[in-house]
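J.: Dropping the structure in here first, questions after.
The values are calculated or read from the model by the stated rules, or taken from the named source; none is laboratory data. Treat the numbers as computed from the prediction; the structure is a model and nothing was measured. With ideal geometry, Cβ positions are generated from the backbone for all residues, glycine too; neighbour counts draw on all protein chains shown. Side chains included, ligands, DNA and RNA excluded: accessible areas come from the protein's heavy atoms. Shrake-Rupley method; radii C 1.70, N 1.55, O 1.52, S 1.80 Å.
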Amino acid sequence: MSNYSKIDLHTHSNKSDGELSPYDLVEKASNNGIQMLALTDHDTVSGLYDAKKATVKKNIDFINGVELSTQWDNKTIHIVGLNIDAENILIIKICKKLKLLRKERAKKISQKLSKVGIKGAYEYTKKLAINGNITRFHFAKFLIEKKYAKNQADVFKNYLVKSKPGYVSTNWPNLSETINLINTIGGVAVIAHPLRYKITATKLRNLIDEFKQCGGEAIEVITSHNIPKEITMISNYAKKYNLAASIGSDFHNQSISWNKLGQLPPLPEGLIPVWKLWEKKY
Ligand code: AMP
Ligand code: MN
Ligand code: MN
Ligand code: MN
């Protein structure tokens, strides 16, 4: 364990599409020796109170977080907000709006699936998403359970993505509004998993450039699935655009072998760790 970083600033609970309750997530983080943890559920802050409470008697510095879905250049880009004021009315309002958007999208996904003979998806996913934040992860579970797909990779290749059954495009709030919101509520905006967007290197540079111009401050340099070459690439972007660097596993589920809570390498030398930004603000 000793080579692992004791920091994980991108995790999910069952308030969005994670497996564990906020309480159990903290228990697991504590057992894994994590000292700084952020819960960053998709488009909801509803798990933060319980998670924070669970860390009280533990040696864990808990950071309020959220992973917001945004729209940029017709793509969905995930922006993590760290060290946010989770009680600010602006975040409560946007999460309410996003929950509705997700509900409407889920109904449309279900209708599209039923057109190819796959029935009952909405009812199933609605039950799974205990907090009402229905994600494609829940649809993936449904499709696997009902034997329409073998595994997650199969789902995200053959369903729910462009030109496949169950694909629905969503009008998420745009990138700049989202960054502004995070900044207004005292947080730090972070580009989540920058290499997962299936965009060219030029587009990625454009994204980072615009993110920076809009007031974004950090980028995830260490994520679960990146190889050393990719870590170097993102480190170089962080330096070039003067962005702070974050570490986050994107933990969802104990059964995903590559996605382990808090088991990530430390940040490469020469980068500004993202937590220095809020340490400065205190
Ligand atoms: P949504 O925000 O509802 O579009 O759902 C996105 C979620 O689906 C992600 O946070 C992952 O949990 C899951 N997901 C998306 N793409 C993949 C993939 N290729 N493999 C596994 N899970 C995925
Ligand atoms: Mn997810
Ligand atoms: Mn994401
Ligand atoms: Mn995530």
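J.: Which one of the conditions (1) part of a loop (DSSP other than H, G, I, E, B); (2) open to solvent by less than 10 Å² (accessible area, probe 1.4 Å) does Lys260 fail to meet, given that it meets all the rest?
T.: (2)
J.: Taking the criterion of being closer than 24 Å to Leu100 by Cβ and either touching a residue at least 60 places away in the same chain (Cβ under 8 Å) or surrounded by fewer than 21 Cβ atoms within 10 Å (Cβ to Cβ) (or both), would at least one residue in region 191-201 satisfy it? Spell out the reasoning first.
T.: At the first step, the residues of region 191-201 found to be closer than 24 Å to Leu100 by Cβ are 192.
After this cut, where a residue has to be either touching a residue at least 60 places away in the same chain (Cβ under 8 Å) or surrounded by fewer than 21 Cβ atoms within 10 Å (Cβ to Cβ) (or both) as well, the list is 192.
Yes, the conditions are met somewhere in region 191-201.
J.: Separate question: Does Ser46 fit the bill of being open to solvent by 40 Å² or more (accessible area, probe 1.4 Å), within 16 Å of ligand 4 (Cβ to nearest atom), touching a residue at least 60 places away in the same chain (Cβ under 8 Å) and of a type in the set (S, T, N, Q)? Before the answer, list the steps.
T.: Working: open to solvent by 40 Å² or more (accessible area, probe 1.4 Å): yes; within 16 Å of ligand 4 (Cβ to nearest atom): yes; touching a residue at least 60 places away in the same chain (Cβ under 8 Å): yes; of a type in the set (S, T, N, Q): yes.
Spelling it out, Ser46 is indeed open to solvent by 40 Å² or more (accessible area, probe 1.4 Å), within 16 Å of ligand 4 (Cβ to nearest atom), touching a residue at least 60 places away in the same chain (Cβ under 8 Å) and of a type in the set (S, T, N, Q).
J.: So, one more: For Ala218, indicate whether it is more than 22 Å from Thr135 (Cβ to Cβ), under 16 Å from the mean Cα position of the chain (by Cα) and surrounded by 14 or more Cβ atoms within 10 Å (Cβ to Cβ). Before you say what the answer is, go through the steps one by one.
T.: Working: more than 22 Å from Thr135 (Cβ to Cβ): yes; under 16 Å from the mean Cα position of the chain (by Cα): yes; surrounded by 14 or more Cβ atoms within 10 Å (Cβ to Cβ): yes.
Criteria met by Ala218.
J.: While we're looking at this one, here's another question. May I ask you to list the residues in region 61-103 that are under 19 Å from Gly132 (Cβ atoms) and away from ligand 1 (no atom under 16 Å from the Cβ)?
T.: We begin by selecting, within region 61-103, every residue under 19 Å from Gly132 (Cβ atoms); these are 66-69, 86, 91-103.
Within region 61-103, Ala86, Ile91, Ile92, Lys93, Lys96 qualify.
J.: Give the residues of region 13-29 that are of a type outside the set (Asp, Glu), farther than 15 Å from Cys95 by Cα and assigned to a loop (DSSP other than H, G, I, E, B), sorted by residue number.
T.: First pass over region 13-29, keeping only residues of a type outside the set (Asp, Glu): 13-16, 18, 20-23, 25-26, 28-29.
Right, trim to farther than 15 Å from Cys95 by Cα and you get 13-14, 18, 20-23, 25-26, 28-29.
Selection gives Ser13, Asn14, Gly18, Leu20, Ser21.
J.: Going through region 170-185 one residue at a time, which ones are within 11 Å of ligand 1 (Cβ to nearest atom) and hydroxyl-bearing (Ser, Thr, Tyr)?
T.: Step one: list which residues in region 170-185 are within 11 Å of ligand 1 (Cβ to nearest atom), which gives 170, 172.
Result: Thr170, single match.
J.: Go through (1) more than 16 Å from ligand 3 (Cβ to nearest atom); (2) crowded, with 19+ Cβ neighbours inside 10 Å one by one and return the number of the condition Gly65 breaks.
T.: (1)
J.: (1) out of contact with any strand residue (DSSP E or B) (no Cβ under 6 Å at 6 or more places or on another chain); (2) within 29 Å of Ile7 (Cα to Cα); (3) of a type in the set (D, E, K, R): which one isn't true of Arg105, the others all being true?
T.: Tallying (1) out of contact with any strand residue (DSSP E or B) (no Cβ under 6 Å at 6 or more places or on another chain); (2) within 29 Å of Ile7 (Cα to Cα); (3) of a type in the set (D, E, K, R), Arg105 fails exactly one: (2).
J.: I'm trying to understand the selection: among the residues of region 124-150, which are more than 16 Å from ligand 4 (Cβ to nearest atom), within 19 Å of Leu20 (Cβ to Cβ) and part of a loop (DSSP other than H, G, I, E, B)?
T.: Ile130, Gly132
The rows are residues; the columns are (1) more than 21 Å from the chain's Cα centre (by Cα); (2) open to solvent by less than 50 Å² (accessible area, probe 1.4 Å).
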| site | (1), (2) |
| --- | --- |
| Ile134 | no, yes |
| Lys162 | no, no |
| Pro165 | yes, yes |
| Asn180 | no, no |
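J.: Can you tell me which of (1) charged (D, E, K, R); (2) open to solvent by 20 Å² or more (accessible area, probe 1.4 Å); (3) modelled with pLDDT of 95 or more; (4) within 26 Å of Gly262 (Cβ to Cβ) is the one Lys57 doesn't meet?
T.: So Lys57 meets the others, but not (3).
J.: Taking the stated definitions as given, is Leu98 within 16 Å of ligand 4 (Cβ to nearest atom), closer than 21 Å to Phe251 by Cα and either out of contact with any Cys (no Cβ under 8 Å at 6 or more places or on another chain) or open to solvent by 80 Å² or more (accessible area, probe 1.4 Å) (or both)?
T.: Values: within 16 Å of ligand 4 (Cβ to nearest atom): yes; closer than 21 Å to Phe251 by Cα: no; either out of contact with any Cys (no Cβ under 8 Å at 6 or more places or on another chain) or open to solvent by 80 Å² or more (accessible area, probe 1.4 Å) (or both): yes.
In short, no.
J.: Look through region 161-187, keep the residues that are farther than 30 Å from Cys214 by Cα and either in contact (Cβ under 8 Å) with a residue 40 or more places away in the chain or part of a helix (DSSP H, G or I) (or both), and return whichever of them is farthest from ligand 2 (Cβ to nearest atom).
T.: Initial filter on region 161-187 (farther than 30 Å from Cys214 by Cα): 163-166.
Of the ones still in play, those that are also either in contact (Cβ under 8 Å) with a residue 40 or more places away in the chain or part of a helix (DSSP H, G or I) (or both) are 165-166.
On the way: Pro165: 20, Gly166: 16 Å.
Per the stated criteria, the residue is Pro165.
J.: Among the residues of region 16-28, is there at least one that is over 20 Å from Ser224 (Cβ atoms), within 16 Å of ligand 4 (Cβ to nearest atom) and open to solvent by 30 Å² or more (accessible area, probe 1.4 Å)?
T.: No - not one qualifying residue is present in region 16-28.
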